[in-house]
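Worksheet: one structure, shown below.
The values are calculated or read from the model by the stated rules, or taken from the named source; none is laboratory data. Model, not experiment: these values are computed from the prediction. So basically every Cβ, Gly included, is an ideal-geometry build from the backbone, and we count neighbours across all protein chains shown.
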Protein chains: 2
Amino acid sequence: MLTLSSRGKLMPPSPIRKLVPYAEAAKKRGIKVFHLNIGQPDIETPEPILNAVRHADFKVLEYSHSAGNESYRRKLVQYYKKAGIEVDHTQIIITTGGSEAILFGFLSCLDAGDEVIIPEPFYANYNGFAVAAGINVVPVTSNIENGFALPPISAIEQHITPKTKAILICNPNNPTGYLYSREEMETLKQVVIKHNLYLFSDEAYREFCYGGEHMSAMQLEGLDEHVILMDTISKRYSACGGRIGALVTKNRQVLDAVMKFAQARLSPPSFAQILGEAAVDLPDNYFDATKAEYMKRRDVLVKRLNAMPGVLCPNPGGAFYAMARLPIDDADVFCQWLLESFSHNGQTVMLAPASGFYGTPGLGKNEVRLAYVLNVADLNSAMDCLQQALKEYPGKK
Amino acid sequence: MLTLSSRGKLMPPSPIRKLVPYAEAAKKRGIKVFHLNIGQPDIETPEPILNAVRHADFKVLEYSHSAGNESYRRKLVQYYKKAGIEVDHTQIIITTGGSEAILFGFLSCLDAGDEVIIPEPFYANYNGFAVAAGINVVPVTSNIENGFALPPISAIEQHITPKTKAILICNPNNPTGYLYSREEMETLKQVVIKHNLYLFSDEAYREFCYGGEHMSAMQLEGLDEHVILMDTISKRYSACGGRIGALVTKNRQVLDAVMKFAQARLSPPSFAQILGEAAVDLPDNYFDATKAEYMKRRDVLVKRLNAMPGVLCPNPGGAFYAMARLPIDDADVFCQWLLESFSHNGQTVMLAPASGFYGTPGLGKNEVRLAYVLNVADLNSAMDCLQQALKEYPGKK
């Protein structure tokens, strides 16, 4: 009998996708399922950037430069400049989605057995890349009561060991929607300098901030050697399928190491690089409409949730996710029940149980993540379902 | 001072790309450089498959299924059937290039410290994926004298240890162009069964066989649990920039593990999946013209090389590479000299020194790899340069 690798066994299945068979079964029974479970925006990909791909003129679909097309990297310098981030094109390596930027960052900065501290709840796939890289995720718990603010400096320092090599933040946050303040970023800077750590910053949702101002880790002064930005165009331009991201840093050593991993896989996808390059030329007000739409949805979602008895949903400052605490026994059971045993006017709602976003076993049992990626009408219908479900669910508390 | 990971330091730079700065300098001096150093075909990407992308009708560039679009996987079943390989669509996981198929195979089947046996010379990037996965490549030497045939069974068995988990072959081979015979494949089967190993088979160049018939590892009877096919459309359809490959196996356990790694990175690139799906509908004779063209080039190249005093170039049975032994002291020095200090009628040639393709230090010092990805006229000019260079080179032997 051939054996799998231990990491092949250890590798966590996607906590978001595990309910998919139940959703498919519900649909087969004729039930309409509102998907608030995944971060696939319904916003249309801008026509001009799709057209850039459609009209691209070449005869051979060649490998690009391993760091991505130079024309694209030079264009991105403009994009980052507008976002208040000063970099040059040699400090940008185009990756296959933000996913690859995370993996390359882990592989280049940490060895097997090293530790990365991540405030929990966190994006579940960090676990997957950690297993792939053989490193350990050390969660520091943030709480729904204060809207998932950065845990106090003492709580972070408690978790630092000789194996700790980095802190990873996602800002604004998936799954909590939390937007780190300038003060919190300065706190992180102190910790990072004091303990000589890398600061990995996942800023996939940079443009989607409601009210507060986004501060990039790249804007922290004196932290050039420490900060590794992990970026992606997926959510920014509703271009998830393109698989284009970037790793950005001013640390030359790290760039050189990442470049070797990039060379091994030859190049990032060519078509979507064309799309990404065109995206930089979208009008400056492009994000206004998208942002206004997400903000409207957020307001509806948060208001509806907090109006339900026993439900707590902090107002998220960014991204398009909200976490809610529900008056239930077990969110995994509840989310499955929603798909298997419940319907309201022939409809139901699919949510992501929060347990998969926590590294500490047992946390998040009565929390769910909701992605507000549906229009207001559908969102209201989904909330009608949830409201009714919380009345009918046998395991309510 | 922040430190890199050991693997970040260990990671080998691309041996093929390291001469690029010298080529760029030569071009700046006005010298025409014939690139026989990389496997970037000059064959045009078929217009109908580019059109499939141009005319794809969708509003949102969404994530695809983590295993790739089901429609594409079902279509690939037809492709494989024509190639004499019987699989169903659940046995195919679409990957980001063949590169990701190799990485996923390593991660799922081997743990850090485990060993994979690879006949050398081999595709240099296997080293990179091995470092990323923390596994060790154990080379078994094949020789230019017998055209790089599979080393004898005794030589392979000599290298098997308790840590050995897999044998990896590339067939037809990059860099040697060697096409394994049915007998050699049966030999591999015996070894694999006797020692309970995985057989990783990289068949990127399946269609490009001249004379001999290609036997896929997937066609070996009784080896369903052992064989992991690592595939790519890059060379097949001159679609290198698309970054679409596949991992194919009948081993359900391995599929489940690979699927978890695939879920972590969400999905393979969408645009090139459309292209790949359309490629299955190319006429059955599509490869005839391409193959005839490569065969013509091979014949020119091999004839020209063997006509040069002191040069040995075995006739490659497939792919679009040839290895040649040159009457020189050091191929790394020679290849750099070709770019830095030589020109013939304002032209020179860029080759890949073979040392980077060997795992055993010191081997391949007087060998080079030539990719016949240029038309016959250019190929002849490149051979004129090489012929003259071998007369002028100070380190000739």
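Looking at A:LEU10 and the list (1) facing chain B (nearest Cβ under 7 Å); (2) over 21 Å from A:GLU277 (Cβ atoms); (3) touching a residue at least 60 places away in the same chain (Cβ under 8 Å), which single condition is not satisfied?
Of everything listed in (1) facing chain B (nearest Cβ under 7 Å); (2) over 21 Å from A:GLU277 (Cβ atoms); (3) touching a residue at least 60 places away in the same chain (Cβ under 8 Å), A:LEU10 misses just condition (1).
Quick check, is B:ALA149 small (Gly, Ala, Ser) and in a strand (DSSP E or B)?
Answer is no for this residue.
Looking at (1) assigned by TED's automatic domain parsing to the domain that holds B:GLY39; (2) over 22 Å from the mean Cα position of the chain (by Cα), which is the only condition B:TYR294 fails?
(2)
Are there any pairs with C-beta distances below 8 angstrom linking a residue in segment B:362-377 that is without any contact (Cβ under 8 Å) to a residue 40 or more places away in the chain to a residue that is among the hydroxyl-bearing types (Ser, Thr, Tyr) and not in a loop (DSSP other than H, G, I, E, B), with the two at least 6 apart or on different chains, and if so which?
Qualifying pairs under 8 Å: B:LYS365/B:SER355.
Can you say whether A:PRO21 is within 27 Å of B:ILE244 (Cβ to Cβ) and part of a helix (DSSP H, G or I), as far as the supplied structure shows?
It is true that A:PRO21 is within 27 Å of B:ILE244 (Cβ to Cβ) and part of a helix (DSSP H, G or I).
Is it true that A:ALA292 is touching a residue at least 24 places away in the same chain (Cβ under 8 Å) and among the aliphatic types (A, V, I, L, M)?
Considered against the rule, which asks whether it is touching a residue at least 24 places away in the same chain (Cβ under 8 Å) and among the aliphatic types (A, V, I, L, M), A:ALA292 comes out as no.
Residues B:ASP332, B:ASP299: which one is assigned by TED's automatic domain parsing to the domain that holds B:HIS35 and more than 29 Å from B:LEU103 (Cβ to Cβ)?
Among B:ASP332, B:ASP299, only B:ASP299 is assigned by TED's automatic domain parsing to the domain that holds B:HIS35 and more than 29 Å from B:LEU103 (Cβ to Cβ).
Taking the residues in segment B:244-257 that are out of contact with any Asp or Glu (no Cβ under 7 Å at 6 or more places or on another chain) and more than 8 Å from chain A (Cβ to nearest Cβ) as candidates, determine which candidate is nearest to B:SER234 (Cα to Cα).
B:ILE244
Just to check your reading of the model, which residue among A:SER108, A:SER71, A:SER66 is within 10 Å of chain B (Cβ to nearest Cβ) and in a helix (DSSP H, G or I)?
A:SER108
Is one or more of the residues making up segment A:32-50 under 26 Å from the mean Cα position of the chain (by Cα), assigned to a helix (DSSP H, G or I), β-branched (Val, Ile, Thr) and closer than 30 Å to B:ILE43 by Cα?
Yes, segment A:32-50 has at least one match.
Say whether the condition of being more than 13 Å from every other protein chain (Cβ to nearest Cβ), farther than 28 Å from B:ASN315 by Cβ and modelled with pLDDT of 95 or more is met by at least one residue in segment B:225-243.
Looking through segment B:225-243, none of the residues is more than 13 Å from every other protein chain (Cβ to nearest Cβ), farther than 28 Å from B:ASN315 by Cβ and modelled with pLDDT of 95 or more.
Can you pull out every residue in segment A:196-210 that is in contact with a Gly (Cβ under 8 Å, 6 or more places away or on another chain), of a type in the set (A, V, I, L, M) and surrounded by fewer than 24 Cβ atoms within 10 Å (Cβ to Cβ)?
Once the filter is applied, which keeps residues that are in contact with a Gly (Cβ under 8 Å, 6 or more places away or on another chain), of a type in the set (A, V, I, L, M) and surrounded by fewer than 24 Cβ atoms within 10 Å (Cβ to Cβ), segment A:196-210 yields nothing.
So which residues in segment A:75-115 are of a type in the set (Gly, Ala, Ser) and under 16 Å from A:GLN253 (Cα atoms)?
Once the filter is applied, which keeps residues that are of a type in the set (Gly, Ala, Ser) and under 16 Å from A:GLN253 (Cα atoms), segment A:75-115 yields A:ALA101, A:GLY105, A:SER108.
Please enumerate the residues belonging to segment A:76-99 that are more than 14 Å from chain B (Cβ to nearest Cβ) and either part of a loop (DSSP other than H, G, I, E, B) or hydrophobic (A, V, I, L, M, F, W, C) (or both).
Matches in segment A:76-99: A:LEU76, A:VAL77, A:ALA83, A:GLY84, A:ILE85, A:GLU86, A:VAL87, A:ASP88, A:ILE92.
Go through (1) crowded, with 21+ Cβ neighbours inside 10 Å; (2) assigned to a loop (DSSP other than H, G, I, E, B); (3) not aromatic (Phe, Trp, Tyr) for B:ILE102 and report which single condition fails.
Unmet condition: (2).
Just give me the residues in segment B:117-130 being farther than 12 Å from B:MET230 by Cβ and either within 11 Å of chain A (Cβ to nearest Cβ) or assigned to a strand (DSSP E or B) (or both), in sequence order.
Across segment B:117-130, the qualifying residues are B:ILE117, B:ILE118, B:PRO119, B:GLU120, B:ALA124, B:ASN127, B:GLY128, B:ALA130.
Give the residue that is farthest from A:ALA322 (Cα to Cα), with candidates limited to residues of segment A:128-146 that are touching a helix residue (DSSP H, G or I) at 6+ places or on another chain (Cβ under 8 Å) and touching a residue at least 60 places away in the same chain (Cβ under 8 Å).
A:GLY134
Which of the residues belonging to segment B:161-192 are hydrophobic (A, V, I, L, M, F, W, C) and in contact (Cβ under 8 Å) with a residue 40 or more places away in the chain?
Passing the criteria: B:ALA166, B:ILE167, B:LEU168, B:ILE169, B:CYS170, B:LEU179.
What are the residues in segment A:27-83 that are among the basic types (Lys, Arg) and in contact (Cβ under 8 Å) with a residue 24 or more places away in the chain, if any?
Of everything in segment A:27-83, those that are among the basic types (Lys, Arg) and in contact (Cβ under 8 Å) with a residue 24 or more places away in the chain turn out to be A:LYS32, A:LYS75, A:LYS82.
If I filter segment A:132-145 for residues that are within 14 Å of chain B (Cβ to nearest Cβ), buried (at least 21 other Cβ atoms within 10 Å of the Cβ), within 22 Å of the chain's Cα centre (by Cα) and not aliphatic (A, V, I, L, M), do I get at least one hit?
Yes, that holds for at least one residue.
Looking at (1) hydroxyl-bearing (Ser, Thr, Tyr); (2) more than 19 Å from the chain's Cα centre (by Cα); (3) farther than 26 Å from B:SER99 by Cα, which one does A:TYR63 not meet, given that it meets all the others?
(3)
So which residues in segment A:195-210 are within 17 Å of the chain's Cα centre (by Cα) and not in a loop (DSSP other than H, G, I, E, B), if there are any at all?
Scanning segment A:195-210 gives A:LEU199, A:PHE200, A:SER201, A:ASP202, A:CYS209.
Out of A:LEU247, A:LEU266, report the one residue that is among the aliphatic types (A, V, I, L, M) and over 12 Å from A:THR95 (Cβ atoms).
The match here is A:LEU266.
Just checking, which of B:ARG325, B:ARG304, B:ARG298 is of a type in the set (Lys, Arg), more than 14 Å from chain A (Cβ to nearest Cβ) and within 23 Å of B:PRO361 (Cα to Cα)?
B:ARG325
Got a number for residues in segment B:7-30 being exposed (fewer than 13 other Cβ atoms within 10 Å of the Cβ) and either under 28 Å from A:ALA112 (Cα atoms) or outside the structural domain of B:ASP332 (by TED's automatic domain parsing) (or both)?
Here the count works out to 0.
Just checking, does segment B:187-195 include any residue being buried (at least 24 other Cβ atoms within 10 Å of the Cβ) and within 13 Å of another protein chain (Cβ to nearest Cβ)?
No, every residue in segment B:187-195 fails to be buried (at least 24 other Cβ atoms within 10 Å of the Cβ) and within 13 Å of another protein chain (Cβ to nearest Cβ).
Given the criteria under 23 Å from the mean Cα position of the chain (by Cα) and closer than 27 Å to B:GLY317 by Cβ, does B:LEU379 qualify?
yes
Return the only residue of A:SER99, A:SER64, A:SER5 being of a type in the set (Gly, Ala, Ser) and in contact with a Lys or Arg (Cβ under 7 Å, 6 or more places away or on another chain).
A:SER99
Can you tell me which residues in segment B:211-234 are more than 17 Å from the chain's Cα centre (by Cα) and either assigned to a loop (DSSP other than H, G, I, E, B) or surrounded by fewer than 19 Cβ atoms within 10 Å (Cβ to Cβ) (or both)?
Hits for segment B:211-234 are B:GLY211, B:GLY212, B:GLU213, B:GLN219, B:LEU220, B:GLU221, B:GLY222, B:LEU223, B:ASP224, B:GLU225, B:HIS226.
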